[in-house]
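Input: a single structure, listed below in structure tokens.
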Amino acid sequence: MTLLRSALLAFAVCALVSPGNFGTIDTVARLQVARWIRLGEPPAREFGLIGKNGRRYPWYGIGQSLVLLPFDALADATVAPVLRRAGFDAEKQRQGSETAIAFLMQGTLTTMALLLSYRLLLSFGFTPFASAAGSLSMLFATTMLQYVQSAQENLLLLVLALAALDSVRRGRFAVAGAACGFAILVRLPSLLDTALIASLALLWGAEARRFFRGFLPPVVLAVLIDRWYQWLRFGNVLGTYADLISRQLRNPDSPAGFPFSYPFWKGVLGTLFSADKSIVLFDPLLLVLLAVALWRWRAIERDVRVLLAGLAALLLAYCAFYARWYSFGGEVSWGHRFTTLPVHLLCLFAIPLLLMYGPKLLWGIVCASIVLQIASTAISPQLEYQQKFKGLGNAVIWNRAVNLAQLATGHQDPARIAGIPREWTSLYYFPFQLRFHFPALARWAIAAWLVCPVFPILLSGRILAGREGFGG
């Protein structure tokens with residue numbers, strides 16, 4: 001029942017927020033690697049760096065491509081033949097397959113995130129109700145919801161971190177090492193997460209020799225695979241894609257140190273306080289957690305305090321690591337996408353601790369955060385990103401509020417949307433996007449979509465009402 005209930009909720013949410021595509025060109029490039037592995041297609045088309053033998057390769061890690069691979073094979077075997085028989089051209093077949101892949105992958109990962117976060121909270125002694133509330137709040141009241149919509153690697157990294165933490169809590173150190181190792185294949189800076197999880201295991205009382213005997217082999221194997229993949233593409237073992245970007249993509253007018261050329265303190269302070277990337281603005285549950293932790297720190301159970309302190313340190317490490325990256329915060333993203341992992345894990349504990357210790361006043365921030373995250377999925381983040389260059393400023397959340405108000409009233413300011421594709425200036429949900437390509441089908445899809453919010457609300461209420469949370 002645990003799996004069924006969380007899966008129903010996860011797929012209902014995915015059906016509700018899906019834009020009908022990956023939501024980012026990065027995942028398209030990673031899918032191409034999966035097709036290179038499976039079908040022998042080129043590893044990259046126009047999006048990549050020149051590597052061995054003058055061939056173009058993507059610069060990302062291989063991890064998400066390996067996850068995409070089975071979903072791509074499934075879509076090829078089921079969706080693609082149906083679209084071919086229906087007479088759709090190659091482009092429509094590709095779009096249909098990507099829609100199926102994105103939906104299945106994000107639904108599966110969301111299910112796993114709900115289950116693992118619930119289990120993790122239970123392992124710290126929180127009640128089933130508080131654990132379910134924490135898991136649901138991470139989904140609906142943090143930027144995780146936006147990364148359910150956008151198939152960037154953020155949701156995958158969150159699942160892997162939750163799996164590693166839960167496995168450490170249950171003494172399954174080889175599983176924790178495998179999860180950390182796979183995260184390294186997704187994104188090399190996950191070495192920071194790996195170091196934190198190893199430290200937490202020892203601080204939580206794991207016997208060092210037994211822990212490292214299980215944990216280290218899969219991590220070392222992952223590093224070796226990552227370095228082999230680097231050699232396979234670019235002919236070196238010790239380099240990173242940052243070196244290659246510096247050599248191949250640097251323009252004559254690029255600042256010194258490119259791609260690590262953004263002013264350091266501007267990057268650090270921008271992560272905390274800027275109007276377009278502030279983690280506090282985009283994930284207000286951090287304020288709830290901070291208030292409860294400062295007020296009742298000594299009352300919080302020791303292992304939870306150790307984890308919160310470790311995650312805060314990891315957040316600072318990511319702030320510093322990415323502070324000088326030329327694409328500060330990830331540019332076309334909702335908030336600072338390079339810091340979402342520690343932010344989401346910290347926010348996971350906000351509601352369980354608030355239920356135990358917090359003042360009722362903080363529930364207003366929780367409600368505001370839910371509204372904010374729902375708003376984050378309504379329009380593509382591309383709209384506010386493009387509006388920056390129209391002189392509308394960097395206040396993304398304010399611009400989102402204005403854009404939604406104008407969209408709701410049907411009076412969009414032409415100056416705000418001039419030159420921006422109409423797909424980015426309208427509701428981003430799949431049925432509404434269908435209007436631009438299949439208007440007859442869109443009418444029925446929109447009618448069905450309007451019923452969709454009922455299912456997540458009912459499922460969430462049932463989960464919270466059950467005596468055993470997700471397991472009720």
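The values are calculated or read from the model by the stated rules, or taken from the named source; none is laboratory data. Predicted model, so just to flag it, every value in this text is computed and none were measured. With ideal geometry, Cβ positions are generated from the backbone for all residues, glycine too; neighbour counts draw on all protein chains shown.
Could you list, in sequence order, all residues of segment 219-254 that are outside any helix (DSSP H, G or I) and at negative phi?
Looking only at segment 219-254, we keep the residues that are outside any helix (DSSP H, G or I), and these are 235-240, 249-254.
Scanning segment 219-254 gives ASN236, VAL237, LEU238, GLY239, THR240, LEU249, ARG250, ASN251, PRO252, ASP253, SER254.
Scanning segment 283-330 for residues that are closer than 23 Å to SER254 by Cβ and loosely packed, with under 15 Cβ neighbours inside 10 Å yields a count of 2. Within segment 18-34, the set of residues being surrounded by 19 or more Cβ atoms within 10 Å (Cβ to Cβ), over 14 Å from the mean Cα position of the chain (by Cα) and either without any contact (Cβ under 8 Å) to a residue 60 or more places away in the chain or part of a helix (DSSP H, G or I) (or both) comprises ALA29, ARG30, LEU31, GLN32, VAL33, ALA34. Does GLU41 satisfy being part of a helix (DSSP H, G or I), without any contact (Cβ under 8 Å) to a residue 24 or more places away in the chain and either among the charged types (D, E, K, R) or under 22 Å from ASP226 (Cβ atoms) (or both)? Judged against the criteria, GLU41 is not a match. The residues listed here are ARG227, ARG233; of these, the one that is buried (at least 19 other Cβ atoms within 10 Å of the Cβ), over 23 Å from ALA323 (Cβ atoms), of a type in the set (Lys, Arg) and modelled with pLDDT of 90 or more is ARG233. For segment 204-217, the criterion of being among the basic types (Lys, Arg) and under 14 Å from the mean Cα position of the chain (by Cα) is met by no residue.
Residues of segment 269-280 that are buried (at least 21 other Cβ atoms within 10 Å of the Cβ) and either free of Cβ contacts under 8 Å to residues at least 40 places away in the same chain or closer than 23 Å to TRP363 by Cα (or both): ILE279 alone.
Sort out for me the helices (runs of 4 or more DSSP H) sitting completely within segment 357-464 that have 2 or more residues that are touching a residue at least 12 places away in the same chain (Cβ under 8 Å) and closer than 30 Å to GLU331 by Cβ.
Details: elements: 363-378, 382-388, 396-409, 414-417, 430-433, 439-449.
In segment 357-464, 363-378, 382-388, 396-409, 414-417, 430-433 are the helices (runs of 4 or more DSSP H) which contain 2 or more residues that are touching a residue at least 12 places away in the same chain (Cβ under 8 Å) and closer than 30 Å to GLU331 by Cβ.
What helices (runs of 4 or more DSSP H) completely inside segment 53-143 contain at least 3 residues that are over 26 Å from TRP334 (Cβ atoms) and β-branched (Val, Ile, Thr)? Step through it out loud before you land on a result.
Values: elements: 63-85, 90-123, 128-140.
By residue number, 63-85.
Summed over segment 397-421, residues that are among the β-branched types (Val, Ile, Thr), at pLDDT below 95 and out of contact with any Ser or Thr (no Cβ under 9 Å at 6 or more places or on another chain) total 2.
Per the conditions (1) under 24 Å from GLU301 (Cα atoms); (2) crowded, with 23+ Cβ neighbours inside 10 Å, the sole criterion not satisfied by GLN146 is (1).
Within segment 337-355, is even one residue surrounded by fewer than 21 Cβ atoms within 10 Å (Cβ to Cβ), polar (S, T, N, Q) and either in contact with a Leu (Cβ under 8 Å, 6 or more places away or on another chain) or in a loop (DSSP other than H, G, I, E, B) (or both)? No, segment 337-355 contains no residue that is surrounded by fewer than 21 Cβ atoms within 10 Å (Cβ to Cβ), polar (S, T, N, Q) and either in contact with a Leu (Cβ under 8 Å, 6 or more places away or on another chain) or in a loop (DSSP other than H, G, I, E, B) (or both). Here LEU157 meets the list (1) modelled with pLDDT of 95 or more; (2) farther than 24 Å from PRO19 by Cα; (3) not basic (Lys, Arg) almost entirely, failing just condition (2).
Filtering segment 194-228 to residues that are out of contact with any helix residue (DSSP H, G or I) (no Cβ under 8 Å at 6 or more places or on another chain) and either of a type in the set (D, E, K, R) or farther than 25 Å from LEU315 by Cα (or both) leaves GLU207, ARG209, LEU224, ARG227, TRP228. When segment 154-180 is filtered for residues that are more than 15 Å from VAL219 (Cβ to Cβ) and either touching a His at 6+ places or on another chain (Cβ under 7 Å) or without any contact (Cβ under 8 Å) to a residue 24 or more places away in the chain (or both), only LEU158 remains.
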